[in-house]
Structures are given as C-alpha cells and as structure tokens.
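A short write-up of the structure that comes next.
The values are calculated or read from the model by the stated rules, or taken from the named source; none is laboratory data. These numbers come from a predicted model, not from an experiment. Don't worry about glycine lacking a Cβ; one is built from the backbone with ideal geometry, like all the others, and counts go over all protein chains shown. The accessibility values were calculated without ligands, DNA or RNA, using every heavy atom of the protein model including side chains. Shrake-Rupley method; radii C 1.70, N 1.55, O 1.52, S 1.80 Å.
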Amino acid sequence: MTYDMGAYAAVTVVMPTYNEAANLPRMAEAVLQLPLPGIHLKVVDDSSPDGTGRIADELAEKYNSGGRRKMSVLHRTEKDGLGRAYVAGMSAALAEGADYVVQMDADGSHPVEAVVRMVGTAQANRVGLVVGSRYVEGGSLDEEWGVHRQLLSRFANRYARTVLGTKIRDITAGFNLWSAQTLRDVDLATLDSAGYSFQVELKYKAVRAGHSAVEIPIRFEERTEGVSKMTLRTQLESAVVPIRLRMKHRPDH
C-alpha cells in the first residue's frame, strides 16, 4: 500500500540516547533519508559517557549544512528516565512547530521505513495516535527474543490493557506517532512516569482526552549493538503505574 503525503507536514522524530554511539550514525542517516520533506531528527542525549552526545552534535552539523535544519541535539545533564527524556524532546518539538512527533529507539529495533506509513495512516484516518504494534495481525518480534522475554512482553501488555480497560493491543509500544494537538491535550508536564511505563501513561491519557488510536503492524528487531536499558526498577514501575492510573481516574475522582 502507498500513501499520499498530501500537504507538507512537519514531522519530528524524537530519539533519546544513552550510550548509543555505535548505533546513532546509521539511525540518523536512515531517518533523514525518509521521503518526507518535513522530517527532522531530535536526539535527546543524557550525557552518555561513550560520547554519543558529541557524535550527535557532529551529525547535526553535517546534516544541517545544506541550509535546512534537519537535526538538532538536546543535551541533558541528568539521567532521570526515558519518560523524562521524551517529555523534554517532545516539548521542544512542539515549541518548534512540529505537526507530528514520532517516538523511536536509537538501537535499531524500530523499522525506520514505517514512519512513512505512520504519517500516512494518521492523515488518512485523522487520528491523534498511530502505534507501531507488535501485537496486531502482521506484527512480530525478532526470533532472537527468547521465549521468556516474549511471554513477559505479552503478559505486560495484557496486564496493562486489562487494568486500564483499553483496546490498544500494544499499549507498551515505544514506537508511536502523535499529532501535536494530542500531545497538547495530554499536557506533557503532567505525566508522572519516569521510565518505560511512560509509554502506557501517555497512551492512556490520550485516549481519555478523546483521541483515537490506530495500530499498524511492525516487526520489532533485537538490537545489534549496545545493551538494553531495562532494569528491575523500570519493570517494577511498569507494574505499578497501570494500577495507579486506574485508581487516579476512577469515576468518583
């Protein structure tokens, strides 16, 4: 299926990084080669000790040399969670006039080419959220994910969906496209989650604010360079956040 991009849309890909020096150059090239005239890459680096921030600055200088500002870097001095990094990057993207904001990992696990489908889906269906989903028909996980990880991921999704009563099948997905209006209606400054549970909280609040979501299938790849940032603390937060959200937004609240 092909998509007519129609009118020019300013699309900012927000990509948080921490020790992604080996992955960032190829990811930046892939994003900025997408056939979207309004594409912009915003790297949010949490003072990576491996020099990712310096590499990001060098890449931005390279890609901005043609006259249009295609890439920018936001340097944060405190590593206080993926959710906080996304809030900083998304807020900056909105302030700079983005029509759509895409969340994408820097490790290559999200298929860059799917961004075009996400923009086309958002425009064709007039929705505020498009989820790159592993758990709708056609979606899949890399075979290198062991059975334990696959079962844990599926359980986490089912758990969060059941507690929150949502129809989004991949509510924990980290590959999402948001319209600017959706993010403004949610009010990023009010989000509580610091870690990976940010993905769940933002989707839940967007739906509660009246925005519809469409899921498109993707294949989630295993990273080839670097190590996962998932810790026991973030896993525990992911278990607690759905319950906290449901309690906070009960009908009598």
### Pair list, Cβ under 8 Å, 6 or more apart: segment 61-78 residue within 17 Å of Asp45 (Cα to Cα) and in contact (Cβ under 8 Å) with a residue 60 or more places away in the chain, other residue surrounded by 19 or more Cβ atoms within 10 Å (Cβ to Cβ) and among the aromatic types (Phe, Trp, Tyr)
none
## Note on the structure
Within segment 81-122, restricting to residues that are of a type outside the set (A, V, I, L, M) and part of a helix (DSSP H, G or I), the one that is nearest to the chain's Cα centre (by Cα) is Tyr86
### Given (1) open to solvent by 50 Å² or more (accessible area, probe 1.4 Å); (2) in contact with a helix residue (DSSP H, G or I) (Cβ under 6 Å, 6 or more places away or on another chain), number of the condition Ser197 does not satisfy
(1)
### Query
Across segment 65-88, what is the number of residues that are within 20 Å of Arg26 (Cα to Cα), surrounded by 16 or more Cβ atoms within 10 Å (Cβ to Cβ) and of a type outside the set (Val, Ile, Thr)?
4
### Query
Scanning segment 147-191 for residues that are assigned to a loop (DSSP other than H, G, I, E, B) and exposed (fewer than 13 other Cβ atoms within 10 Å of the Cβ), which turns out nearest to the chain's Cα centre (by Cα)?
Asp187
### Task
Being among the polar types (S, T, N, Q), surrounded by 15 or more Cβ atoms within 10 Å (Cβ to Cβ) and part of a loop (DSSP other than H, G, I, E, B) is the filter here, so list the residues in segment 22-60 that pass it.
Asn23, Ser48
### Task
Scan (1) in contact with a strand residue (DSSP E or B) (Cβ under 6 Å, 6 or more places away or on another chain); (2) in a loop (DSSP other than H, G, I, E, B) for the single condition Met15 breaks and write down its number.
(2)
### Task
Kindly indicate the residue of segment 89-117 that is more than 19 Å from Arg219 (Cβ to Cβ) and of a type in the set (Ser, Thr, Tyr) and also surrounded by the fewest Cβ atoms within 10 Å (Cβ to Cβ) among those meeting that condition.
Ser91
### Query
Restricting attention to segment 118-125, does a residue exist that is farther than 22 Å from Asn23 by Cβ, of a type outside the set (Gly, Ala, Ser) and open to solvent by 30 Å² or more (accessible area, probe 1.4 Å)?
yes
### Query
Can you name the condition, by its number, that Ser72 falls short on among (1) closer than 21 Å to Arg184 by Cα; (2) polar (S, T, N, Q); (3) assigned to a strand (DSSP E or B)?
(1)
#### Entry: Residues satisfying the stated conditions in segment 200-210, i.e. open to solvent by 40 Å² or more (accessible area, probe 1.4 Å) and touching a residue at least 40 places away in the same chain (Cβ under 8 Å)
Val207, Arg208
